[in-house]
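Participant: Take this structure, written in structure tokens, and hold onto it; I'll ask about it next.
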Amino acid sequence: MGCDIHFFIEYDSKGKLPFSDTSEIELETTGDFFLPRDYDLFAALSGVRSQSPLPKFPPRGFPSPVSEALFEEYFSNIVEPGDKPLSDYDELREHVNDYVQKGYSELQNHPVTKKEWVSCPDWHTPSWLYLSEFLLALDVHSYLLQSEQLTQALKIMENIEKMCGRNRVRAVFWFDN
């Protein structure tokens, strides 16, 4: 079974403290960056699909606060009994309870509506890194950039950091089975 990465870039150009207010956090794209399957990269970022060495920054979990758009990428609306799903990504409450009980999913309140949402049961090891941490994680693992997509994503992060300041841009990512 393969494993893929879901990779997003968020930034906060306005907040007094970076990444402290959902309304100030923006998602760079409307979808994730397509990065090719690369287990050496996954190991450097989170230790996923690797025995050793450990990643420089152990997985931190899904960030909070987060932009509303990214929240809705990672979490799905929960449909209560008797209600109709609004999208193909909605999860039925009867399945949600099972996913959470088995440890496949986590629950979190939507940053705006405060309604309970659930993470996808096939996704795991969410984390985030500031640009400087991302580069250090790659360096510690002697990871050589091979993917044009990752190179472009890092250039975007560098440009945002030049405009917004240090630690105001972060990569948010998770993996699937």
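Participant: From the list 139, 88, exactly one residue is charged (D, E, K, R), without any contact (Cβ under 8 Å) to a residue 40 or more places away in the chain and assigned to a helix (DSSP H, G or I). Which is it?
Facilitator: 139
Participant: Which residues, counting only those in region 148-177, are acidic (Asp, Glu) and either part of a strand (DSSP E or B) or modelled with pLDDT under 95 (or both)?
Facilitator: Answer for region 148-177, where residues must be acidic (Asp, Glu) and either part of a strand (DSSP E or B) or modelled with pLDDT under 95 (or both): 148, 176.
Participant: When the residues of region 126-177 are narrowed to those that are among the β-branched types (Val, Ile, Thr) and buried (at least 19 other Cβ atoms within 10 Å of the Cβ), which ends up nearest to residue 24 (Cα to Cα)?
Facilitator: Checked region 126-177; the qualifying residue nearest to residue 24 (Cα to Cα) is 169.
Participant: Whether any residue in region 22-34 is farther than 15 Å from residue 140 by Cβ, of a type in the set (Val, Ile, Thr), touching an Asp or Glu at 6+ places or on another chain (Cβ under 9 Å) and assigned to a loop (DSSP other than H, G, I, E, B) is what I want to check.
Facilitator: No, region 22-34 has no match at all.
Participant: Let me ask you something else. Looking only at residues in region 108-136 that are part of a loop (DSSP other than H, G, I, E, B) and touching a Ser or Thr at 6+ places or on another chain (Cβ under 9 Å), which one is farthest from residue 2 (Cα to Cα)?
Facilitator: Filtering first and then ranking leaves 112.
Participant: Here's a follow-up. Please go through region 1-51 and give me each residue that is closer than 18 Å to residue 174 by Cβ, surrounded by fewer than 19 Cβ atoms within 10 Å (Cβ to Cβ) and polar (S, T, N, Q), ordered by number.
Facilitator: Across region 1-51, the qualifying residues are 29, 30, 50.
Participant: Right, something else. Working carefully through the options 127, 132, find the one that is polar (S, T, N, Q), in contact with a Lys or Arg (Cβ under 6 Å, 6 or more places away or on another chain), at pLDDT 95 or above and under 30 Å from residue 12 (Cα atoms).
Facilitator: Working: 132 fails: in contact with a Lys or Arg (Cβ under 6 Å, 6 or more places away or on another chain).
None of the others qualify; the one that does is 127.
Participant: When residues of region 5-21 are filtered for being part of a strand (DSSP E or B) and not β-branched (Val, Ile, Thr), how many remain?
Facilitator: Count: 6.
The values are calculated or read from the model by the stated rules, or taken from the named source; none is laboratory data. What you see is a predicted model, and the numbers here were worked out from it, not measured in a lab. Positions of Cβ are backbone-derived with ideal geometry, glycine not excepted, and every protein chain shown enters the neighbour counts.
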